[in-house]
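Read-outs: derived from the displayed coordinates by stated rules, not from any lab. What you see is a predicted model; the values in this text were computed from it and never measured. Every residue, glycine as well, gets a Cβ built from its backbone with ideal geometry; the counts of neighbours run over all protein chains shown.
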Amino acid sequence: MDFLYAIFIDPFIQMVELPDFLLQVLWEGFVAGVLYALIALGFVLIFKASGVFNFAQGIMVVFAGLTLVGLHEKGVPAYLALILTIGVMGLLALAVERFVMRPLVNQPDIILLMSTIGLTYFLIGFGEFIFGGEPKQMITEELGLPTGSTALEIGDGGLLILQHIDIAAAVIAIIMVGCLAVFFNKTRIGRALRAVADDHQAALSVGISLNQIWAIVWFAAGIVALTTGIMWGARSDVSFALEIIALKALPVLILGGFTSIPGAIVGGLIIGIGEKIGEIYWGPLIGGGIESWLAYMIALIFLLFRPQGLFGERIIERV
Amino acid sequence: MLYRESGQYKTSYISDQSIFPIREDRIGIAIIGVIAIVIPFVASDFFLNAIMTPFLILALAAIGLNILTGYAGQLSLGTGAFMGVGAYSCYKLTTIFPDVNIIILVLLSGLFSAGIGVIFGLPSLRIKGLYLAVTTLAAQFFLEWCFIRIPWLYNYNSSGAIEVPERRGFGDIILTGPAAGAMTQYFVVLGIVVVVTLAVKNIVRGRIGRQWMMIRDMDIAAELMGVRPLTAKLSAFAVSSYLCGVAGAMFIFFYLGAAEPSAFSITLSFQILFMVILGGLGSLVGSYFGAAFIWGLPIVLRAVLPAMGIDIGAETVFHIATMVVGALIIFFLIVEPHGLARLWSLGKEKLRVWPFPYG
């Protein structure tokens, strides 16, 4: 009975009794969710355009962050370093398209997946070789991002502490998603991208260059990775541990569906918030640290009821 | 000339269905067997301990994953955790039954991981492909969490790691623990791996194995032809996890000697997946090739790079090794997506018509 009480009633009493704490938890979850959503967004971009499940998105985040910080450490001014990093991500996109995607066109999914895991290993080794394995401090102030925090008072004496960088992260994420939406829906290249996503052969036959499109989506994913790297790096450090966190994007994708950009965002928020609430209110019951697997379990349970995700296209199997 | 089956007539079903129907294959396997037995007498302890024993153990794990991914077509990223289940249950078993021969316990511990594997395999009845990979990731992270948070599993010791106790068997030979000889451990591992491989070979070419392959090739057609997806998929999960569990138990008891939960992290899962893909999906001999390649390459690189006069620190060599492994994986996927096993069979084809260009 006590156990049931602890599971079903006690956490809610805690939530009602300390609403400011609940809000704080929700906010933390929201911010984590935005970052998960950003990583998932990178996955979705590439999956939509090439059907490749890009495992390397996580390491691209780390790599972009490391390049930015590493360049700055070499004495390059922050903004110039930012531009140079964008250039590096562009080169990476071209290289990936030329040396990985192009030779592997038309291979089964699992081979393409494996090639991106191979790419992950390559980038880990390459990044460590050039920048060393130690965590680095993100150059937050040099990039003109806000630091510090605001404390909001809620009700009688409750405090909600908002880190400015988190607010900036949310705003930038929203702007970026908006830009991507415009890019996808209103521009010529965006329309070509959607055509490729729909049907490779039909797109080819109306004169869309697949190679060019792939380079562009990998570049777009690189930009998303850079943004994620800066935001996440500003919250903690830029380190290779991020790579494991990036795997959290998988349950996000499961929730949202592999092909849906709004899905990636909603899924990210659900996972981020669900995970934080679970950890804070239910985690202590079974020893804490459940953040590491809760997201996957949520996704697993969700999958049993809706195998195609929240916004994914219905999976129809033809025989 | 050297390798040709012409003139070898099979006069009974038994000889037709033998595992090695060609005489040259039998000679080849006999030579490999002799080499495997001779190696410990000529090689150094380091070679046995750091290369041969882990290679055999990882090959077994790769076979385990190959059953699931290569034969039954279910992608799994939780191999490391299933190996961990084997290791921890073997550790618990040897605590509870200190007098039972450790080899029996190693083989028994696989049963526990088979049970866990079946539980996490249940979603596979509804979920396919990449989605299934996520559910196995759930297994990976959940089990890893269990290894850290359930102190009963590591006997409440303060370090949180499991240390292999000394166990003797077969008279008074030390089998496990720090005092065990490299040669003893090698032979124990070799024996288990060979016997299990033979058993798996027979499962794979029998009724169960053919059912797995039907499910892999087209599950709906298989179902229409009377294969039960429930039994076929879950038996694949059970056998695969059993093998991974045994491999995990051996990994701790005969190779590492002590382990923290991080030994069974997702990195290990990926490593084994690489072995399977590079070796060749749906090929047992490929699992050995893959294991040798993935395990051996960094060791070779670490030895070769400094010898080539590239004088760099140990850490840099490690980074370069990671990089080269990644690049080689991509390279292999491009030139031979069917893995080393395909290269092997192509080589045999070539040998068959040699020295003439066309047979």
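At 30 angstrom or more along the helix axis (alpha-carbon based) and mean Kyte-Doolittle of 1.0 or higher, what helices does chain A contain? Whole DSSP H runs only. The partial results should precede the final answer.
Working: long enough: A:19-50 (45 Å, 1.58); A:109-131 (32 Å, 1.70); A:164-186 (32 Å, 1.89); A:210-235 (37 Å, 1.19).
The answer, listed by residue number, is A:19-50, A:109-131, A:164-186, A:210-235.
Each peptide among A:215-224, A:82-91 gets the average number of other Cβ atoms lying within 10 Å of its residues, and from highest to lowest they stand as A:215-224, A:82-91. Shielding value for B:117-129 is 2, the average number of Cβ atoms from other chains within 10 Å of each residue's Cβ. The modelled label-to-label distance between A:Trp282 and B:Thr231, using points 7 Å beyond Cα along the C-beta direction, is 3.6 nm. Two tests apply to each whole DSSP H helix in chain B, Cα reach of 27 Å or more along its axis and mean Kyte-Doolittle hydropathy of at least 0.5, and the ones passing both are B:23-42, B:102-121, B:129-149, B:182-205, B:229-250, B:284-307, B:314-335.
Under a cut-off of 17 Å between alpha-carbon atoms, report the lysines in cross-link reach of A:Lys276, not counting same-chain residues fewer than 8 places apart. Within the straight-line limit of under 17 Å, A:Lys276 reaches these lysines: A:Lys248.
Taking the centroid of alpha carbons for each part, the range A:1-24 and the range B:147-207 are 45 Å apart. For the segment A:95-103, counting C-beta atoms of other chains within 10 Å of every residue's C-beta and taking the mean gives 2.
Could you sort B:134-140, B:84-90 so that the peptide with the highest average Cβ count within 10 Å comes first and the rest follow in order?
On the way: B:134-140: 26.7, B:84-90: 29.6.
Sorting B:134-140, B:84-90 by mean packing, highest first, produces B:84-90, B:134-140.
Put a plus charge on the Cβ of each Lys and Arg, a minus charge on the Cβ of each Asp and Glu, and nothing anywhere else: the dipole of the protein assembly as shown about its Cα centre is then about 2640 debye. Which residues does the label zone of B:Ser18 cover in the range B:198-232, counting backbone N under 20 Å from a point 7 Å along Cα→Cβ? Answer for this model: B:198-206. Summary of the geometry: the range A:138-203 and the range B:291-332, compared by the centres of their Cα atoms, lie 39 Å apart. If you model chain A as an ellipsoid using its alpha carbon gyration tensor, with each semi-axis the square root of five times an eigenvalue, the axes come out at 34, 26, 18 Å, biggest first. Can you give me the C-alpha center-to-center distance between the range A:245-274 and the range B:228-275, rounded to a whole angstrom? Value for the Cα centre distance between the two parts: 28 Å.
Rounded to the nearest 0.05, what FRET efficiency do A:Ile83 and B:Ser159 give with R0 = 60 Å and r taken as the Cβ-Cβ distance? Could you check? It comes to 0.80. Look at the dipole of chain B built from charges on Cβ: of B:Leu122, B:Leu301, B:Ile104, the Cα furthest out on the positive end belongs to B:Leu122.
Distances longer than 35 Å among the Cα atoms of the range B:45-353: what percent of all pairs is that? Can you show the working numbers first?
Working: 9313 of 47586 pairs.
Beyond 35 Å sits 20 percent of the P(r) for the range B:45-353.
The fraction of Cα-Cα pairs per 10 angstrom bin, counted from 0 for the protein assembly as shown, comes to 3, 13, 23, 26, 19, 11, 4, 1, 0, 0 percent, rounded to whole percents.
How many partner chain Cβ atoms sit within 10 Å of a residue's Cβ in peptide A:290-298, on average, as a whole number?
Numbers: counts 4, 2, 6, 10, 4, 4, 9, 5, 1.
Counting other chains' Cβ atoms within 10 Å and averaging over A:290-298 gives 5.
Each distinct pair of alpha carbons in the range B:78-162 adds a 1/r term; the inverse of their mean, the Kirkwood radius, is 13.7 Å. Using the Cβ-Cβ distance between B:Ile119 and A:Val76 with R0 = 51 Å, the FRET efficiency computed as 1/(1 + (r/R0)^6) comes to roughly 0.45. Estimated from helices alone, the mean residue ellipticity of chain B at 222 nm is -21500 deg cm²/dmol (sum of -39500 (n - 2.57) over DSSP H runs with n ≥ 4, per residue).
As a test of the formula, what do you get for chain A when each DSSP H run with n ≥ 4 contributes -39,500 (n - 2.57) and the sum is divided by the residue count, at 222 nm and rounded to the nearest 500 deg cm²/dmol? Numbers along the way, then the final one.
Numbers: 14 runs with 217 residues, N = 319.
Rounded to the nearest 500, the figure is -22500 deg cm²/dmol.
Testing the spin-label approximation: label points 7 Å from Cα along Cα→Cβ at B:Arg205 and B:Lys10. State their distance in nm. The answer from the label model is 0.7 nm.
Sequence gap at least 6, Cα distance under 8 Å: using those rules, report the relative contact order of chain A to the nearest whole percent. Walk me through the numbers before you get to the answer.
Working: 439 pairs, mean separation 106.3, N = 319.
This gives 33 percent for chain A.
Once you have the Cα-Cα distance between A:Ile167 and A:Glu153, take 0.36 nm times their residue separation minus that, and quote the gain in nm to one decimal. Provide the component values of the computation, followed by the final result.
Numbers: separation 14, 0.36 × 14 = 5.04 nm, distance 1.70 nm.
Once the chain is fully extended between A:Ile167 and A:Glu153, it gains 3.3 nm.
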